[in-house]
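Encoded as structure tokens, the structure appears first; notes follow it.
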Amino acid sequence: MEEINRGKNSKSPEYNSLHTDDKTNKTEQYPGDGRKKTDTLISKIKAKKIRLRELKKENKIAEFGRVAWLYTKYQIITKGLLLAAVFNISSAILNYLIRASGRSTISSGDYKRFLLSFQGVGALILGIVLVIFLIGTDINGFIIMSALIKEKRIKMTARNMLIAGIKSLKSFLRPSGILIILYVAAVVPLAGIGLAISPMEDFQIPKFITSVIFGNRLYTIIYYTIIAGSLFVSLRYIFLFHYILILGNRIGEGLRNASNLMKKHWKEFLIDFLLQIIIMTLFISGVVAVIMGLTVLPAHMLSISLLQTRVWTIMGIMLVGEFSTFIALMTVPFICFRLTVLFYRYNEKDGLPVSIVMNVKADRLGDEAFFRVKLTTKVCFIILFLSIIALNFLVAWDSGVNFDDIYRKHKEIDIVAHRGGGNLAAENSIAGLEAAIEEGVAWSETDIQRTKDGYYIINHDRTFKRLTGVKKAPKDMTIEEISKLRIKDKFNIAGQAQKVATPEEFLDTAKGKIGLFLELKGKTADTKMADDVIAMVKARDMEKDVVILVSSYKLVNYIEDKYPEIQTGFLYFFVLGKISDIRADVLIMEEREATPEKVHIIHRAGKKSYVWTVNSKSSMERFVDSDVDGIITDYIRDVKAAIRRRDDRTDIEIIMESFINRN
């Protein structure tokens, strides 16, 4: 923030006393050796100049401290307000709308009918209002603050800035403005980025969808084309909010002006903004590396006890976490400030000086107030730093003493072979199931669909095209036609092709050897399929060895009501409302849903939690060190290896990985 400087007319008394007139000094008369006196005079002048530079640096540090504190306080207040009031109120309204529709939850399995209802429309409006409020308190608020800081009006309160941010929303309360805000909200999940600590950071595309996108070359090209187009549009109109909030432009006028400004200065922008981001990223990485180095090296180089090593390491990791949290809090403010500085700079270059037109309560700091801020900043920093160190030490000491109970206490995690045997053979084949049995995994998950003539077969996709080359759905083929198909092994080109299996064959092969997660799949997944599949299970006395999976809330209720002795599983990638009210014995979540908080809620309700589909190394390391009951994966041996690595880790590795997995 090198642009934050004090004006010439607001120097401190100390600064002014040092800024003496060089001409007066030169006319002073000294008795004796004139050369010696001249040297003395030059030394004094140099000393005064050095002191002037030091004062300027102190002033910049004081202003930086003031600005950082303003941003931090604003983040704390706004996020606290969101958590304590806005989210609680919006959650209460959403829960009311869900209950009014005759449900207690809305999930990925039944959201379409809800959205088409009166209550669903109300929920959509509530979501739009919430997004608009988030934009107002996050982006708008920081742009307004940045403009005031650029104009040296740093005597402001977080409350007034929050009010200004909310008031600024009136400029967007028209169809075009709402579309712009929704565009900003949509780009975040599309690009896979979050807005710092804001609640929008979790609005990302689920991994099971991105795995499909990146598994298909055409989808990947389309995805990156959309990302590139969104990035181009975003950069072209990146100063739109500044024109609207600072100069009071209407949306159409702001779009034209933002586009014209970027056309003139896009080359400068690439250097002024993107290079600054790169430099800041390298600086932050360097600070983290230094802290991590100071955390790890003493444990290896010094002769200290095991407890001291653990305490020192935990303290270092906590410092990294706290520093990372602070940087996350400052990311959006920093970006908004940097863009605002460039907005002022480019307009001034074009001969159009900028000044905020919004009436906001903010003033310049006088000399006395400024130096009080300097002192207050130093005192507050020292107190805050010492408090953090003291608290870190207490937490680290307790964690070090109870280290094994906290970090080495792991529950047994079931491994579930995805689609039969994962990558061990052709998917959803008897060969895959047999390979999973040989690996000794707890469960095999598979997919059931109904044929044209009323039989049941095992297949995941809507058609057989991907695995057999035949672009027909099971519901459009007879069992005889399907029996002639052969499934290719997509994991191993040289792998042997397999015939399409039936649920009866899966049950007979698995009995007494492995448990089965039988998912009722596709458009034929109805009460008749549930009745028929459960009849197969009962005929073999496998009620305790089978879990019937569904993604329809209506169907899980049907099974729970008619067959209470049958274990049920509900599969979803998002859920709204009370998770604990879902009537299933096992809740099977997509990766992003499987947070520690939600897993705890599930366990507290007496249910089991499984996560799907865990295929990446980072996801495996995260979930083998979590409280989930089971992991569904295509890579069974890799998950086993991750569990072995988890159990063989050193203390330092455990602490560091625990921090990474929780962040």
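Read the figures in this text as sums done on the coordinates, not as results from a lab. Just so it is clear, the model here is predicted, and its values are computed rather than measured. So basically every Cβ, Gly included, is an ideal-geometry build from the backbone, and we count neighbours across all protein chains shown.
Structure data summary
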{"item": "At R0 = 51 Å, FRET efficiency that the Cβ-Cβ distance of L384 and A100 yields, to 0.05", "result": "0.65"}
{"item": "Segment N492-R345, extension gain: residue separation times 0.36 nm, minus the distance between their alpha carbons", "result": "47.1 nm"}
{"item": "Using a Förster distance of 30 Å, the FRET efficiency for E597-R217 (Cβ separation, nearest 0.05)", "result": "0.20"}
{"item": "Inverse of mean 1/r across different Cα pairs in the range 583-663, Kirkwood, Å", "result": "13.1"}
{"item": "Sequence of V290, V611, V470, V599 once ranked by neighbouring C-beta atoms within 10 Å, starting from the fewest", "result": "V290, V470, V599, V611"}
{"item": "Relative packing of 555-568, 324-337, 426-439, which averages over residues the other C-beta atoms within 10 Å, highest first", "result": "426-439, 324-337, 555-568"}
{"item": "Extension gain from E439 to S580, taking 0.36 nm per residue of separation minus the Cα-Cα distance", "result": "47.4 nm"}
{"item": "Which of Y219, Y456 has the fewest Cβ neighbours within 10 Å, and the rest in rising order", "result": "Y219, Y456"}
{"item": "FRET efficiency estimate (nearest 0.05) - Cβ-Cβ, N88 to L394, R0 30 angstrom", "result": "0.45"}
{"item": "Zone residues, the range 120-145, relative to L173, backbone N less than 20 Å from point 7 Å out along Cα-to-Cβ", "result": "122-142, 144"}
{"item": "Set of aspartates and glutamates with alpha-carbon distance to K207 below 17 Å, sequence-local pairs under 8 removed", "result": "E590, E591, E593, E621, D634"}
{"item": "Packing-based exposure ordering (other Cβ within 10 Å, fewest first) of H265, H242, H600", "result": "H600, H265, H242"}
{"item": "Sites matching trypsin sites (Lys or Arg not before Pro) across the range 238-298 that sit in DSSP coil, with at most 14 neighbouring C-beta atoms within 10 Å", "result": "R250"}
{"item": "Ranked packing of 79-85, 398-404, most packed first, by mean Cβ within 10 Å", "result": "398-404, 79-85"}
{"item": "Cα shape, the range 453-530, gyration tensor, a/c 1.5 rule", "result": "oblate"}
{"item": "Neighbour-limited loop hits for GluC sites (Glu not before Pro), the range 199-286 (at most 14 other Cβ within 10 Å; DSSP other than H, G, I, E, B)", "result": "none"}
{"item": "Potential lengthening between D272 and E412 on full extension [0.36 nm per residue; Cα-Cα distance subtracted]", "result": "45.2 nm"}
